[in-house]
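Asks: Following this message is one structure expressed as structure tokens.
The values are calculated or read from the model by the stated rules, or taken from the named source; none is laboratory data. Being a predicted model, the structure only gives us computed values, none of them experimental. With ideal geometry, Cβ positions are generated from the backbone for all residues, glycine too; neighbour counts draw on all protein chains shown. Side chains included, ligands, DNA and RNA excluded: accessible areas come from the protein's heavy atoms. Shrake-Rupley method; radii C 1.70, N 1.55, O 1.52, S 1.80 Å.
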Amino acid sequence: MPRDPERARNAILDAAERLLRRGGAGTVDQVAAEAHRAKGLVHYHFRTKGALLAAVAVRISERRRGAWAAAFAADSPEAAIRASWDLLAREHRTGEQRAWIALCADQDPVTGRAVSKEIEAFATGIVEATRGLLASLGLQPTVPVAEIGRYLASVVQGMGFQLAAGGDPEELQGAYAAAWLGALSLARPAGSP
């Protein structure tokens with residue numbers, strides 16, 4: 001049977017992500033067992049556990065950025081709020097938020113650098129999505145759009161943490177909508193004084 005290094009690498013990443021979604025990174029031995037691969041193969045593809053977790057962080061972040069950009073690309077503020085809340089609830093339900101929190105909490109410097117970079121990329125993506133949403137609605141910000149976007153990125157991350165910590169989803173959904181209303185109050189119709 002021919003070897004397929006990319007398939008093996010993806011199986012290892014899938015296994016590490018499954019473990020993270022269930023609540024923790026586990027050990028390299030556990031990742032290897034979950035992937036049905038030898039521990040040596042895990043180390044072949046990822047020299048250290050930190051490098052493996054860094055690769056998982058990039059993978060999750062890239063997927064999240066695309067999903068969040070799509071949620072913000074709604075036809076109306078109400079639709080964007082609803083789509084983005086549904087995405088937040090799905091991330092919680094599927095364990096993706098739990099995986100992200102575990103990556104944020106990991107103490108390995110390689111993982112930490114990757115997570116920091118991906119948090120910044122997520123915030124930048126939300127800023128761009130906010131810019132696009134405001135433009136599509138014919139609104140111009142009264143403060144720099146980067147401030148509104150970073151505020152919304154922080155709200156998204158914070159709501160995710162609160163859901164993962166067992167917060168009441170109905171109460172958090174109301175707070176999420178209120179945060180959006182606050183952000184939208186920082187914009188006015190284009191051409192207004």
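Asks: Given the options LEU137, ILE119, GLY158, identify the residue whose Cα lies farthest towards the positive end of the charge dipole of segment 80-177 (+1 on Cβ of Lys, Arg; -1 on Cβ of Asp, Glu).
Replies: Result: LEU137.
Asks: Compute the helix-to-body angle for 5-21: its Cα long axis versus the longest principal axis of the chain, expressed 0 to 90° and rounded to tens.
Replies: With rounding to tens, the tilt is 60 degrees.
Asks: Next up: Give the label of the value calculated from the structure for Rg/Rh (Cα atoms, Kirkwood Rh), choosing from [x] 0.98; [y] 1.10; [z] 1.06.
Replies: Evaluating Rg/Rh (Cα atoms, Kirkwood Rh) on these atoms matches [z].
Asks: Compare ALA73, ALA89, ALA175 in a GNM of the chain, Cα atoms joined below 10 Å, and give the one with the largest fluctuation.
Replies: Most flexible of the set in this elastic network: ALA175.
Asks: What does the charge dipole of segment 73-193 about its Cα centre add up to, to the nearest 20 debye, if the Cβ of each Lys and Arg holds +1 and the Cβ of each Asp and Glu holds -1?
Replies: Its charge dipole is roughly 260 debye.
Asks: Please compute the per residue accessible area over segment 105-146 with all protein chains in place, 1.4 Å probe, rounded to a whole number of Å².
Replies: Heavy-atom SASA per residue in segment 105-146 reads 50 Å².
Asks: First obtain the Kirkwood hydrodynamic radius of segment 123-193 from its Cα pairs, then insert it into the Stokes-Einstein equation at 20 °C and 1.002 mPa s, and state the resulting D in µm² per second as a whole number.
Replies: 168 µm²/s
Asks: By how many degrees, 0 to 90 and rounded to 10, does the Cα axis of helix 145-164 deviate from the longest principal axis of the chain?
Replies: The answer is roughly 50 degrees.
Asks: Using the Cβ atoms and a cut-off under 11 Å, what net charge is assigned to the surroundings of GLN140, where Lys and Arg are +1 and Asp and Glu are -1?
Replies: Summing Lys/Arg as +1 and Asp/Glu as -1 gives +2.
Asks: If you take the charge dipole of segment 1-62 about its Cα centre, with +1 on Lys and Arg Cβ and -1 on Asp and Glu Cβ, which of ALA55, ALA32, LEU20 is farthest toward its positive end?
Replies: Checked the options; the winner is ALA32.
Asks: Give me, ordered by chain and number, the residues 5 or more places off LEU139 or on other chains with an amide H under 5 Å from its own placed amide H.
Replies: Under 5 Å from the amide H of LEU139 lie the amide H atoms of ALA190, each far enough along the sequence or on another chain.
Asks: Taking the chain as the reference, fit the longest principal axis to its C-alpha atoms, fit the long axis of helix 96-105 to the helix C-alpha atoms, and give the angle between the two in degrees, 0 to 90, nearest 10.
Replies: 80 degrees
Asks: Based on the alpha carbon coordinates of segment 1-50, what radius of gyration and maximum Cα-Cα distance (Dmax) apply, in Å?
Replies: Gyration radius and largest Cα-Cα distance of segment 1-50: 10.3, 35 Å.
Asks: As a check on your grasp of the helix formula, calculate [θ] at 222 nm for the chain: sum -39500 (n - 2.57) over DSSP H runs of n ≥ 4, divide by the residue count, round to the nearest 500.
Replies: -25500 deg cm²/dmol
Asks: Using a 1.4 Å probe over the heavy atoms of the protein chains, calculate the carbon and sulfur portion of the accessible area of the chain as a whole percent.
Replies: Here carbon and sulfur together make up 56 percent of the probe-accessible area.
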